[in-house]
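Worksheet for the structure shown next.
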Amino acid sequence: MRNEEHILAIDLGTTKVCAVVARVLAGDELETIGVGTHPSEGLQNGTVVDLERTTRSIESAAQKALATAGVDIRKAWIGIAASFIQSYNSRGSVAVLQGQRGITKADMKSAIRAAVDMKIPPEMKVLHQIPRWFRVDDVTGVRDPEGMVGNLLEVDLHVVGGRKNDIANIERAVHAAGFRAEGMMLQPIASSLSVLSDDEMDAGVAMIDIGGGTTDIAIYKEGQIIASKVVLIGGDLITKDIASYFAAPSEHAETLKKTFGSAIVTPGDENEMIEIQRIRNRPSKEAPRSELNFVIEARVEQIIQQVERTIVAALPLEELVAGIVLTGGTSMLSGLTEKFQSELRLETHLGIPGGVTGFTDIVKSPTCSTAIGMLLYALAERRRREEEDGNAFQAMFRRLGTMIGNYF
Ligand SMILES: Nc1ncnc2c1ncn2[C@@H]1O[C@H](COP(=O)(O)OP(=O)(O)OP(=O)(O)O)[C@@H](O)[C@H]1O
Ligand SMILES: [Mg+2]
């Protein structure tokens, strides 16, 4: 009997490390059988600043997930997003040596290498190289040029790279925690896989994962990734704003945000008084709810401006026919979808992760979008590595096929 197959995904978020174990069922369905989280300690905005504490966070989250699952896995997929990550679109072309025989995978690989070399400096390591389209002589928009006859092959590539040293530090922590990194992936690309549908990616959509420390953005049009970006601003700043505005302890500020907070100030808020605890034995006081929501709204507007800037740099807003899909812990902030919708005039939905079964109440939370997307990505990438025939793979996972890094 074939051994059971499992996948371990570890998402290194800025507030929590989230580990998920899935069992691969017949037909490549994924069933979540273990989840474990641990506060992200030792990482600052996704960069390792304390190796030992990072190691402990990874170890603790992963061990919890493995213990619940009742399995022991020593290789893991790691999801990262940090200031040391950069995404680019780049083009590369090659002359096809034996053009009349048809373009080969080796030609495609050379074109991709040329596009990578154009943009990625030597101190960067490539995490994803996603071909958006190929051009064969004058024919543009080719998805799979293999076998086509032509003299010049060009590729338009989305490349994601990170500073080698920062990636190596994450690998060290993973290793010290007892795991081998089976692969690494960018969090916004992973989240997209669990919350977006093929139709949305075709129509034009922006996936916005607002976590604690970062806002991860991935933009798609015509089924292809147009841009990905990690912005260093997130829900924890909202909590900080509340804490400093009211001189409240940060744990209480977090509770206020989640219980009474809203991204929109509504007229009734002025008359609703809430009790605010203060730091260092200052007497607690009452404040109208509108004051809390003004503080929140100001920071949310700044986040929306950053999102808008990223979208506009990639394509005109109106091309996002499927609008915006919000996910990540901060997407649970009351009024946030409405605020995005009114500020950007784009239809906005909440993205709950899908595509896996098991533990549904836990993993169907927007805080788990990245980890769930990582499982989907990991399985597809594993199959691609196993598959000799990449085409069969692509037919099986149309969307994933185009998203997988290290394409060959
Ligand atoms: N109900 C809620 N209302 C408002 N904010 C919430 C709610 N629940 C969680 N959050 C916020 O979500 C954030 C954490 O989100 P998430 O777990 O997605 O972050 P992360 O993945 O660790 O971080 P990142 O993706 O930035 O690296 C925190 O700022 C938290 O305050
Ligand atoms: Mg996250």
Net charge of neighbours whose Cβ lies under 10 Å from the Cβ of P288, counting Lys and Arg as +1 and Asp and Glu as -1: -4
Inter-centroid distance (Cα atoms) of the stretch 112-137 relative to the stretch 38-62, Å: 31 Å
Relative exposure of M185, M124, M332, M273, judged by other C-beta atoms within 10 Å (fewest first): M273, M332, M124, M185
Sorted by Cβ neighbour density within 10 Å, fewest at the top, the residues V24, V205, V174: V24, V174, V205
Sites T259 and T68, calculated FRET efficiency, Cβ-Cβ separation with R0 30 Å, nearest 0.05: 0.55
All Cα pairs of the stretch 169-266, percent lying beyond 21 Å: 56 percent
Cross-link pairs beyond the 22 Å C-alpha cut-off, checked among K258/K364; K64/K257; K16/K364; K105/K229; K221/K258: K64/K257; K105/K229; K221/K258
Theoretical gain in end-to-end length, E222 to A106 [0.36 nm per residue, Cα-Cα removed]: 39.1 nm
Sorted by Cβ density within 10 Å, fewest first, the residues D209, D216, D202: D202, D216, D209
Within the chain, helix-based [θ] at 222 nm, where runs of 4 or more DSSP H residues each add -39,500 (n - 2.57), nearest 500: -12000 deg cm²/dmol
The chain - charge dipole about Cα centre, Lys and Arg +1 at Cβ, Asp and Glu -1, debye rounded to 20: 1100 debye
Positive minus negative residues near L30 (Lys, Arg vs Asp, Glu; Cβ under 13 Å): -2
Nearest 10 degrees, 0 to 90: helix 369-386 Cα axis against the chain principal axis: 10 degrees
Folded to 0 to 90 degrees: helix 51-69 orientation relative to the chain principal axis, Cα: 80 degrees
Sequence-separation-based contact order of the stretch 87-161, relative, with Cα cut under 8 Å and 6+ spacing, percent: 47 percent
Acute angle (nearest 10 degrees) that the helix 164-176 long axis makes with the longest principal axis of the chain, alpha-carbon atoms: 80 degrees
Estimated dipole of the stretch 1-54 in Debye, rounded to 20 [Cβ of Lys and Arg +1, of Asp and Glu -1, Cα centre]: 100 debye
Gained length - A181 relative to E338, 0.36 nm times residue gap less alpha-carbon distance: 52.6 nm
Listed residues H128, H158, H252, most fluctuating in the chain (Gaussian network, C-alpha, under 10 Å): H252
Virtual paramagnetic centre 7 Å along Cα→Cβ of K285, amide N under 13 Å, in the stretch 247-277: 247-248, 274-277
Cβ-defined net charge surrounding S342, 15 Å radius [Lys, Arg +1; Asp, Glu -1]: -4
Euclidean distance of C-alpha centroids, the stretch 273-300 and the stretch 208-269, integer Å: 17 Å
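Each value in this text was obtained by applying a stated rule to the coordinates, not by laboratory testing. Note that this is a predicted model, so its numbers are computed, not measured. Here the Cβ is made from the backbone with ideal geometry for all residues, glycine too, and neighbour counts use every protein chain on show.
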